[in-house]
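To keep things clear, I will list the structure first and then write my remarks on it.
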Amino acid sequence: MKLSDLTNHAGEWLRGSGPQSEIVISSRIRLARNVSGVPFLTRATRPQRQVLEARVRDILLGAQVSPQTLYVDLEHAPEIDRQLLVERHLISKQHAAAEGARGVAIGENETLSIMINEEDHLRIQVLRSGLQLEQAWDQINAIDDALEAKLDFAFHSRFGYLTACPTNVGTGIRVSVMLHLPALKLTGEIEKVFRAAKDLKLAVRGLYGEGTEATGDFYQISNQTTLGKSEEEIISEFRLVVIPKIIEYEYHARKALINDHTIALDDKVGRALGLLRSARLMASEETLFLLSHLRMGVNMGRVKDIDIRTINELFLLTQPAHLQKISGKKLEGDVRRAARADYIRQRLNGN
Amino acid sequence: MKCDNCNKAATVHLTEIKNGKKIEKHLCEQCAAQNEGVPIKSHTPINELLTNFVMAHSGLQKELGVTCDQCGITWAEFRQSGLLGCSHDYDQFEKDLTPLLQRAHEGANHHTGKVPTRTGASGVPRKRKTVDVSKLKKELTGALEAEDYERAAKLRDAIKQAENG
């Protein structure tokens, strides 16, 4: 598999087919691991960093961990490829922008990605569509076991898995669920979700995780506590308590919109669709905003002739790196905005 | 104001005096770095600036004394970056780290959960039953009271699973 094979379709997590996929876009679990006997990356020398990258890469490509793995050497990859991987949520922004020997292994239909030399030596991630935390945990747990058979992970009898940042120590787990909450945003009740999340020691972030704003009404809810709670406890809390509650709130807000503000709702959705189908220049932020309203309209049955999968794909494929890969050339400014608008019109009108 | 070279916003303003003549240049960061060799470290995080300032003007230097004998990181360096230098730091700074960990992890200071079979073989209690059944039961009562039967059914399954597992 080559990197360019990825561009024309969305990854498994954007298929829009998983459980609760109207509201839950994706379920993500990542584990932070460090190799015993090698300093963390802030203190690793260049050769240590290179040796580690080569060693882990060989293990990952050795097929016993996961078959058909695509490995990208990020130190030498062009910027556009790194940006593409960020847009597909396969690497973090920090990993794309960093320097030195580092890489990512991608496998299992893009549900698996393993970053080497990010903040920790290894950051293993499983990303699946809809609410599939149990499946994600089974998958990542097996990968972790397979890696552990080949690598000694730094582990402490009291503190658990040791990580560069003490906020990840213990299980090293980060569970993140990406939610689409347009009705809570429109009714102004999203603040309640933020407050409840804060009380439960959960973080609310934007589309691309740490340090990003919530755009297009997408919110990523993640655990912050990693010590003193087992992986299963953290996951069940999300699966059985936190996420069902937020989904319930969002449905409640959607019902209120339909019952009490039908015209205003249809106006929002209709405007979004009208602009997306007719505009000639489209900025990426505006696209997210309009697609979000359209997605809500389709999910609430207000728009009938558009497939939710098309919208999910548009979220991904209209982003800068994807747009440039699809058109096969570098696009900037108005040229890029025009290409984006053309692509959206073509997808929505030809549907 | 726009950059003299390109259309970006000018954020670097240079005044040169050459042969008694004053020359003003207005450049963006990139052009300034490229053309004038002005090194611009943009976006220094404010906390780093403040930390550097406070460190330089207070008695905090004393704390620099605690150094990891393996990676050489000092406690002060860790506090500044938030990142440790090696696994040994967890032992080296255990006393100072413990309150910090408790603050970050809801009071906890002991790992529970997965243990690697080889490197974690000794000293840790094996995986305990991980789902808190009493908590689930309490939630089940709540769900039944709220007549949320769908959720109640899910909770019942989870309890059954936890008790059998």
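The values are calculated or read from the model by the stated rules, or taken from the named source; none is laboratory data. Fair warning: this is a prediction, and the values are worked out from it, not measured in the lab. Here Cβ is always computed from backbone atoms with ideal geometry, including for glycine, and neighbour counts include all displayed protein chains. Each accessible area value is taken on the protein alone, full model and side chains, heavy atoms only, with ligands, DNA and RNA left out. Shrake-Rupley method; radii C 1.70, N 1.55, O 1.52, S 1.80 Å.
Numbers below:
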quantity	calculated
Qualifying residue in segment A:117-139 (condition: of a type in the set (V, I, T), farther than 22 Å from A:L207 by Cα and open to solvent by less than 10 Å² (accessible area, probe 1.4 Å))	no
Conditions (1) more than 30 Å from B:A153 (Cα to Cα); (2) open to solvent by 10 Å² or more (accessible area, probe 1.4 Å); (3) free of Cβ contacts under 8 Å to residues at least 40 places away in the same chain; (4) assigned to a helix (DSSP H, G or I): number failed by A:V303	(4)
Given (1) part of a helix (DSSP H, G or I); (2) open to solvent by less than 10 Å² (accessible area, probe 1.4 Å), index of the condition A:M282 fails	(1)
Filter result (open to solvent by 10 Å² or more (accessible area, probe 1.4 Å) and outside any loop (DSSP other than H, G, I, E, B)) within segment A:97-114	A:A97
Scan of segment A:20-74 for residues that are under 30 Å from A:D307 (Cα atoms) and either open to solvent by less than 40 Å² (accessible area, probe 1.4 Å) or touching a strand residue (DSSP E or B) at 6+ places or on another chain (Cβ under 9 Å) (or both), ordered by number	A:S21, A:E22, A:I23, A:V24, A:I25, A:S26, A:S27, A:R28, A:I29
Conditions (1) of a type in the set (S, T, Y); (2) crowded, with 19+ Cβ neighbours inside 10 Å; (3) more than 19 Å from A:L112 (Cβ to Cβ): number failed by A:S4	(2)
Hits in segment A:332-351 - residues which are in contact (Cβ under 8 Å) with a residue 40 or more places away in the chain, among the hydrophobic types (A, V, I, L, M, F, W, C) and under 13 Å from A:A283 (Cβ atoms)	A:A338, A:A341, A:I344
Selection from segment A:163-189 of residues that are in contact (Cβ under 8 Å) with a residue 24 or more places away in the chain and either part of a helix (DSSP H, G or I) or not assigned by TED's automatic domain parsing to the domain that holds A:G216 (or both)	A:T167, A:N168, A:P182, A:A183, A:L184, A:K185, A:L186
Pair list, Cβ < 6 Å and 6+ apart or interchain, from segment A:226-240 residues that are touching a residue at least 12 places away in the same chain (Cβ under 8 Å) and within 7 Å of chain B (Cβ to nearest Cβ) to residues that are charged (D, E, K, R) and open to solvent by less than 20 Å² (accessible area, probe 1.4 Å)	A:E231/B:K114
Qualifying residue in segment B:141-155 (condition: at pLDDT 90 or above, within 11 Å of chain A (Cβ to nearest Cβ) and part of a loop (DSSP other than H, G, I, E, B))	no
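A quick yes/no check of all residues on (1) at pLDDT 90 or above; (2) at the interface with another protein chain (Cβ under 8 Å from one of its Cβ atoms); (3) open to solvent by less than 20 Å² (accessible area, probe 1.4 Å); (4) over 16 Å from the mean Cα position of the chain (by Cα):
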residue: B:E63; (1), (2), (3), (4): no, no, no, yes
residue: B:Q70; (1), (2), (3), (4): yes, yes, no, yes
residue: B:E77; (1), (2), (3), (4): yes, no, no, no
residue: B:L83; (1), (2), (3), (4): yes, yes, no, no
residue: B:S87; (1), (2), (3), (4): yes, yes, no, yes
residue: B:F93; (1), (2), (3), (4): yes, no, yes, yes
